[in-house]
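J.: Please read through the structure below; I'll follow up with questions.
Derivation of every value follows stated rules applied to the coordinates shown; laboratory data play no part. None of these values were measured; they are calculated from a predicted model. Ideal geometry is used to build each Cβ from the backbone, glycine not excepted, and the neighbour counts take in all protein chains shown.
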Amino acid sequence: MSHPQALQLPTVDPSARPEFTDGASCRAWLENVPLANVPEAQRQLLLAIWELNRSGTAATPRLAALEAVREAVHFVQLEQAKRFTHRAAPLLRPEAEAFENTIELWEQMRLAYLRCLEPDDPALRAPRALLVQRALAYGGLRMFHHFRAYREVPPTDWQHLHQVYERAERLGVTDALVKDYLNRDVQASSPRIAYLRAILMGMCNPHELPPRQLTFVAYLLERWAEKVELSEDPVPEGDVPPLVVDLAGMRCAARGPAAGIELRYLDTRRLAKSLRNRIALLRKGESPARLALGEDCVQPSCEQLLAFLVRQWCEARQVRGAERRPVAASAELCTGLPAIHYFVTGKSFRAAGAPHEISAQAGAELETFGHVSHRVAEEQARAAAPAFASEPWRIEDESALGARVARGALAAGRRMGHGQLVALRPADARGFQLAHVRWLMTTESGEITCGLRYLSGVPQGVAVRGSGVNAADESYVQAIALGAVPALKAPPTLVLPAGWFKPRRVIEVLLRRAVRVRLLEAHERGADFERVTFELLEG
């Protein structure tokens, strides 16, 4: 089955004047590209490859030019990606521009290699596997940088990826080995490996992973994607539903009932065995480096991530401990400990010992009458109230453990970050509940969607500061106490600003009176908070 839309290429324009037309002219042109000025270098590369794609340059010199420019493109792209990776949503304008230019340059590289497949050039019959591998790799890189920016991958990107792989099948080159020297670790690749790297990255719930873990998964897939096979026949995996992809579809692979017209089944048994063997060895004390997991992979996070990948790639979708139910309800949401403290307590925070500031009118009434009138007192209170505002969000589904919430593309509000602390109050609830952002995505339409994980316990606003002689002059800052939940065997905890936790650190907690507590263990750490257990100290 042919999918011609995958090879819909820019129209050849006789007036196109590319900056280079072969390997030698490309290398000469690159000598004048200011690679130290990354945005400008990206701009020049994007325009040059766009112009090359519009030209009638023959396929053989075109391929030589593309192979010559690849290293510069990768350097510039990875440097420019630092401007939008792991940024809060929505992206600021400079961040969004860097993202759009990066995505477009990957697309132009993808189209450039596909253009080399267009003519029936006998000289290019041997490198057809390389051409398809490169096109699939650049399609995967385009998706990967959507994940790095917590952006939704357009369905057409999946469609194009599937269509190009189907072209590799028709050419009979899916398993033909080629070299990709820009890989970090393993240079041997093939169209099948490049395709499966993109598929497995899309399956690992990438919008939940912080950037370090996302990069680590990409590194692992250089070596491990080849462990997955593709076939037209179902794979026997016991009670595990088949992992299937429709090459005529617009979605990533998924486990479940097969539906589609160009189905391919993924066999992950070798991959599962490799992952589980490494998990077992890590639990026995083997170092990650000796297991080919990289020098920068540390325990216990390495083992936890591998177990997460086994669940995403090799197992049936787990039944939630508390199933989500569809909801169409409005809610208030606020972010940041100061604002959360304000909405939980219903009053503004004043550090203990700080002097009250009064207006000139209140001071005059005190001096004249010995008290402040009710009207002036109300005005004083309104003036002293902080400028905190909750935001309207929509709850799309919810369970006892969390919720999926969304904010419209045109709705005003604060930027949302991965791992951020929030407080949510549904329209029919009396109080706020604390949660943190477990995953984050901006849709194609600009809507922000978050997966929230609730923090168990009823929140209560408290104030905290260090203890001891050196902390005597410290001011209290806002924190939240969460009560115990016996049904979940959850102890009482404190939610502190990020950076406060140190094992066995003693701090003062102020509610009705000041008490001293010793911090025991950090149960959760987010971008702007730490949730810790504690013990009460006498005296």
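J.: Pull up the cross-link candidates among the lysines for Lys489, meaning alpha carbon to alpha carbon under 26 Å and not fewer than 8 places away within one chain.
T.: Excluding near neighbours in sequence, the set is Lys502.
J.: Please compute, over every Cα-Cα pair in the stretch 388-539, the percentage with a separation greater than 18 angstrom. Before the final figure, lay out each step's value.
T.: On the way: 7028 of 11476 pairs.
Across the stretch 388-539, Cα pairs with separations above 18 Å total 61 percent.
J.: Quick one: check the C-alpha center-to-center distance for the stretch 263-289 versus the stretch 472-539, whole angstrom.
T.: 38 Å
J.: Along the three principal axes, how long is the stretch 459-536 when you take its alpha carbons, biggest first, rounded to the nearest angstrom?
T.: Principal extents (largest minus smallest coordinate, Cα): 40, 28, 20 Å.
J.: If I compute percent of Cα pairs over 41 Å apart from the structure I just sent, which labelled value in [x] 30; [y] 23; [z] 36 lines up?
T.: Computed from the coordinates, percent of Cα pairs over 41 Å apart corresponds to [z].
J.: Okay, next question. Let me spell out the model: positive unit charges on the Cβ of Lys and Arg, negative unit charges on the Cβ of Asp and Glu, origin at the Cα centre of the chain. What dipole size does that give, in debye rounded to 20? Write out the running numbers ahead of the final one.
T.: Numbers: 67 positive and 63 negative charges, 267 e Å.
So the magnitude is around 1280 debye.
J.: In deg cm²/dmol, rounded to 500, what helix-only [θ] at 222 nm does the chain give when every DSSP H run of at least 4 residues adds -39500 (n - 2.57) and the total is split over its residues? Spell out each step's value before the answer.
T.: Values: 13 runs with 197 residues, N = 539.
It comes out at -12000 deg cm²/dmol, rounded to the nearest 500.
J.: Put a dot 7 Å past each Cα toward the Cβ at Ala280 and Ser25; how far apart are the dots in nm?
T.: 5.9 nm
J.: Need one number: convex hull volume per residue for the stretch 141-199, Cα atoms only, in Å³.
T.: Working: hull volume 4.6 nm³, N = 59.
Here the figure is 77 Å³ per residue.
J.: May I pose another question? Quick one: check the C-alpha center-to-center distance for the stretch 24-65 versus the stretch 162-214, whole angstrom.
T.: Spelled out, the Cα-based centre of one part sits 25 Å from the other.
J.: Now for a different question. Can you tell me the relative contact order of the stretch 4-267? Whole percent, Cα pairs under 8 Å, sequence separation 6 or more. Walk me through the numbers on the way to the answer.
T.: On the way: 396 pairs, mean separation 40.1, N = 264.
For the stretch 4-267, the relative contact order is 15 percent.
J.: Please find the FRET efficiency linking Ala409 to Arg125, where r is the Cβ-Cβ separation and R0 is fixed at 51 Å, and quote it to the nearest 0.05.
T.: Values: r = 47 Å, r/R0 = 0.93.
The pair Ala409/Arg125 has a calculated efficiency of 0.60.
J.: If you don't mind, another one. Please report the spacing between the Cα centers of the stretch 397-456 and the stretch 327-349 in Å, no decimals.
T.: 12 Å
J.: Sticking with this structure for a sec: At R0 = 45 Å, how high is the FRET efficiency between His523 and Leu47 if r is their beta carbon distance? Nearest 0.05 is fine.
T.: Numbers: r = 51 Å, r/R0 = 1.13.
For His523 and Leu47, the calculated efficiency is 0.30.
J.: Right, next: Between helix 211-224 and the chain, what is the angle of the helix's C-alpha long axis to the longest principal axis, kept within 0 to 90° and rounded to the nearest 10?
T.: 30 degrees
J.: In nm, to one decimal, how far is the modelled label at Glu97 from the one at Ile261, with both set 7 Å along Cα→Cβ?
T.: Distance between the two pseudo-spin positions: 4.4 nm.
J.: While we're on this one: Which lysines have a Cα less than 17 Å from the Cα of Lys227, not counting those fewer than 8 places away in the same chain?
T.: Lys273
J.: Using Cα-Cα distances under 8 Å and only pairs 6 or more residues apart, what relative contact order does the stretch 459-536 have, in percent? Don't jump to the answer; show the numbers that get you there.
T.: Values: 168 pairs, mean separation 21.3, N = 78.
Relative CO of the stretch 459-536 lands at 27 percent.
J.: OK, next. To the nearest 10 degrees, how steep is helix 59-81 against the longest Cα principal axis of the chain, on a 0 to 90 scale?
T.: Once rounded, the angle reads 10 degrees.
J.: What do you get for the angle between helix 360-369 and the principal long axis of the chain? Use alpha-carbon atoms, 0 to 90 degrees, nearest ten.
T.: The answer is roughly 10 degrees.
J.: Sequence neighbours fewer than 8 away in the same chain don't count; with that in mind, list the aspartates and glutamates whose C-alpha is under 18 Å from Lys82.
T.: Cross-link targets: Glu40, Glu71, Glu95, Glu97, Glu100, Glu104.
J.: Once the dipole of the chain is set up with Lys and Arg at +1 and Asp and Glu at -1 on Cβ about the Cα centre, which of Asn101, Leu117, Ala248 lies farthest towards its positive end?
T.: Highest projection toward the positive end goes to Ala248.
J.: Restricting the calculation to Cα positions, tell me the Rg (one decimal) and the Dmax (whole number) of the stretch 4-267 in Å.
T.: 18.4, 60
J.: Based solely on C-alpha atoms, express the radius of gyration and the Dmax of the stretch 268-350 in angstrom.
T.: Every Cα atom of the stretch 268-350 included, Rg and Dmax give 21.1, 60 Å.
J.: Kirkwood Rh and Cα-based Rg: tell me the resulting Rg over Rh for the stretch 12-57, rounded to two decimals. Numbers along the way, then the final one.
T.: Numbers: Rg = 11.0 Å, Rh = 11.0 Å.
In the stretch 12-57, Rg relative to Rh is 1.00.
J.: Report the semi-axes of the equivalent ellipsoid for the stretch 30-78 in whole Å, largest first, where each axis is √(5λ) for an eigenvalue λ of the Cα gyration tensor.
T.: Semi-axes from the Cα gyration tensor: 20, 11, 8 Å.
J.: What per residue convex hull volume, in Å³, comes out for the stretch 90-159 when only alpha-carbon positions are used?
T.: On the way: hull volume 5.6 nm³, N = 70.
So the per-residue Cα hull volume is 80 Å³.
J.: Between Gln8 and Glu40, what length in nm is gained on full extension when 0.36 nm per residue of separation is reduced by their alpha carbon distance? Could the numbers behind the result be given before it?
T.: On the way: separation 32, 0.36 × 32 = 11.52 nm, distance 2.86 nm.
Result: 8.7 nm gained on full extension.
J.: Using the count of nearby Cβ atoms within 10 Å as a rough guide to exposure, how do Leu78, Leu117 rank from fewest to most?
T.: Numbers: Leu78 14, Leu117 21.
So the residues, fewest neighbours to most, are Leu78, Leu117.
J.: Among Tyr454, Tyr138, Tyr181, which comes first, then next, by fewest other beta-carbon atoms within 10 Å? Can you show the working numbers first?
T.: Numbers: Tyr454 17, Tyr138 24, Tyr181 8.
With the sparsest Cβ surroundings first, the list reads Tyr181, Tyr454, Tyr138.
J.: If neighbour count is taken as other Cβ atoms inside 10 Å, put Met250, Met416 in order from fewest to most.
T.: Exposure proxy ranking, most exposed first: Met250, Met416.
J.: At 7 Å along Cα-to-Cβ for each site, give me the label-to-label distance between Leu510 and His74 in nm.
T.: My value for the distance between the label points is 5.7 nm.
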